Structure formats: C-alpha cells, structure tokens
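Every number here is computed from the coordinates shown, using simple stated rules; none is lab data. The structure presented is a predicted model; accordingly, all values stated were derived computationally and were not measured. Ideal geometry is used to build each Cβ from the backbone, glycine not excepted, and the neighbour counts take in all protein chains shown.
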Amino acid sequence: MKPPLLLDTHVWLWWLLGQPELPARERAALDALAAAGTPPGLAAISLWEAQMLAAKGRLKVDVPLTHWLPTAAAPEVVDLIPMDVAVILALDKLPAGFHGDPADRIIVASARARGIPLATRDGNIRRSRAVKLWKA
C-alpha cells in the first residue's frame, strides 16, 4: 500500500517538532493519517538532510540524534520511501529547468515515482509544477 502523500524534509521536521510554520489544519491532517495507520511517506534522503542539519546546528532536538531519528522515522510515524530504481528513473523525467539541489530532486522524483502528492513549502519546487502538491 502506498502512502497518501510524501513529506518534504522541512514539513516532516515542522510536524514532528511542533513548529508554527506548519498550519494547524495540516498538522491535524498528518496526525490523523498517522493515527489511522496510514502515515505519510518520507523519502529516505530526508534522513540524511536531518542529520546534516543537526551536524550544522540548524536542527535542535531535545535528545541525541541517535535517539530522535529512529523515533522520527518509525513506521508508525512515516512510511520511508527508498531511493530505488523507480525513483532514479523518475529523475530522468524531471523538467529540464528543475533546480539542481540533489535532495530536492530525489524527493520530487520519489513522489512522482509513487504517484503521490508532495507536502512542501519550497518555492522552487512549487513553482516548477514538477509534482502534484498536497492540500490538507
């Protein structure tokens, strides 16, 4: 069963860390999905992005990352989407002008490969129209 949507890294972090940047209706919708046993998807590259943010001091969590990350990526929280053959082939189908950030490219390709919308506030991704966007 495929997840109902894919979270961009920042949306995943905002959701789990209770950040005000995530609107209440979207937070409630994500909470309801997880509670119903249909958690949102998360591209595996987002785990790397979280680690990099923590290493740079831009992600602050109350416990060591070695404890926080396994909980944040648990199957009842998110459905991890691996960087598999379908995702790699979807990279070839991104629009020619799509920006070059490797993580963003993999996240968008992951959503496209699974045929699911992406929850993102990234202006470059939103303007590209390269992926269907999630609306809570």
Restricting to the stretch 23-51, give me the number of residues that are touching a Leu at 6+ places or on another chain (Cβ under 8 Å), more than 16 Å from residue 116 (Cβ to Cβ) and surrounded by 17 or more Cβ atoms within 10 Å (Cβ to Cβ). 2
Within the stretch 9-22, count every residue that is exposed (fewer than 12 other Cβ atoms within 10 Å of the Cβ) and over 19 Å from residue 123 (Cα atoms). 1
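Table: residues versus (1) over 26 Å from residue 133 (Cβ atoms); (2) assigned to a loop (DSSP other than H, G, I, E, B); (3) touching a residue at least 40 places away in the same chain (Cβ under 8 Å); (4) out of contact with any Phe, Trp or Tyr (no Cβ under 9 Å at 6 or more places or on another chain).
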{"site": "38", "(1), (2), (3), (4)": "no, yes, no, yes"}
{"site": "42", "(1), (2), (3), (4)": "no, no, no, no"}
{"site": "46", "(1), (2), (3), (4)": "no, no, yes, no"}
{"site": "58", "(1), (2), (3), (4)": "no, yes, no, yes"}
{"site": "62", "(1), (2), (3), (4)": "yes, yes, no, no"}
{"site": "66", "(1), (2), (3), (4)": "yes, no, no, yes"}
{"site": "70", "(1), (2), (3), (4)": "yes, no, no, yes"}
{"site": "75", "(1), (2), (3), (4)": "no, yes, no, yes"}
When the stretch 89-136 is examined, which residues are found to be surrounded by 12 or more Cβ atoms within 10 Å (Cβ to Cβ) and among the small types (Gly, Ala, Ser)? 90, 103, 109, 110, 111, 113, 119, 128, 130, 136
Any idea which of (1) out of contact with any Ser or Thr (no Cβ under 8 Å at 6 or more places or on another chain); (2) assigned to a loop (DSSP other than H, G, I, E, B) is the one residue 127 doesn't satisfy? (2)
